[in-house]
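Down below is the structure, laid out as structure tokens.
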Amino acid sequence: MKVKSDDIVLGILVDKPATGYEIKNQFSTIFSNFYNASFGSVYPILHKLDKEGKVSFEVVSQLGKPNKKVYSITTKGKKAFESYLQQPVESKKTKWDFMVRLFYSSQLDEQKRSALITSEINTRTDEIKELEALKLKLSRKQVDPYKLFCLDIGIQQKQLFIDKLKEFCKTVK
């Protein structure tokens, strides 16, 4: 069974109720290591899951701010998430735009190729900083060690990639 954004949203809500904003934030931080989802897809997913009876929400008034919806998983949602967890694991498939561009970078002049590589290194470095800050924040809350392990793997993969890319660049100059 292929993982869907729906499954991840349900997983987030298994841990605790959350607003759409909090869920979107997890997609752009924690799950950015191993799942690519559009940032704008969260609210349509929540609407769909609500219609299916897998989540419910409570409108919470805020002083001086618009009301917010806090979503919770229902029994039906928990069963759907448990079903997802028991399915065979999908084989890893990667779509990585940078690598496609690097593969064909001989079509670029040296300055554009260098800019492409520098931009990727900077992006991955920023992602590492975000993940390390998140890991520190979560470790203070004594979070499930499996979640911290997933963050560690993401940090290490990004750092290994940066190191290998820098090493490669030295050999081709």
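The values are calculated or read from the model by the stated rules, or taken from the named source; none is laboratory data. Please read these numbers as outputs of a predicted model, since none were measured by experiment. When we count neighbours, we look across all protein chains shown, and the Cβ atoms used for this are built from the backbone with ideal geometry, even at glycine. The protein model used for the area step is the full one, side chains on, heavy atoms only, and it has no ligands, DNA or RNA in it. Shrake-Rupley method; radii C 1.70, N 1.55, O 1.52, S 1.80 Å.
The magnitude of the dipole of segment 1-141, with charges of +1 and -1 set on the Cβ of Lys/Arg and Asp/Glu and taken from the Cα centre, is near 380 debye. Taking every alpha-carbon pair within segment 132-173, the share separated by more than 11 Å comes to 67 percent. At 1.4 Å probe size, with the rest of the protein present, what percent of the exposed accessible area of the chain is carbon and sulfur atoms? About 55 percent, which is the carbon plus sulfur part of the accessible surface. Stretching the chain fully between Asp126 and Gln156 yields a gain of 9.5 nm (0.36 nm per residue, less the alpha carbon separation). Grouping the Cα pair distances of segment 1-60 into 10 Å bins from zero gives a pair-distance distribution of 21, 61, 17, 1 percent in increasing distance order. Between Val55 and Asp50, Thr74, the built amide H atoms are under 5 Å apart, and every one of these is 5 or more places off in sequence or on another chain.
Candidate membrane-span-like segments in the chain, meaning DSSP H helices with Cα atoms spread over at least 27 Å of their own axis and a Kyte-Doolittle mean of -1.0 or above, are 110-140, 145-172, with no membrane implied.
Calculated on C-alpha atoms, the gyration radius of segment 41-173 divided by its Kirkwood radius gives an Rg/Rh of 1.10.
Taking the Cα centre of segment 69-173 as reference, the dipole from Cβ charges on Lys and Arg (+1) and Asp and Glu (-1) amounts to some 360 debye. Each Cα pair under 8 Å and six or more residues apart adds its separation to the average, and for the chain the resulting relative contact order is 22 percent.
Per residue, the chain exposes 70 Å² of solvent-accessible protein surface, assessed with a 1.4 angstrom probe and all protein chains in place.
A simple spin-label model places pseudo-atoms 7 Å from Cα toward Cβ; at Phe149 and Tyr21 they are separated by 3.4 nm. Under 5 Å between amide hydrogens, built in the peptide plane, is the criterion, and for Thr19 it picks out Tyr71 among residues at least 5 positions away or on other chains.
Beyond 20 Å between alpha-carbons counts as too far, so tell me which of Lys129/Lys166; Lys4/Lys164; Lys92/Lys135 fall in that bin. Flagged as over cut-off: Lys4/Lys164; Lys92/Lys135.
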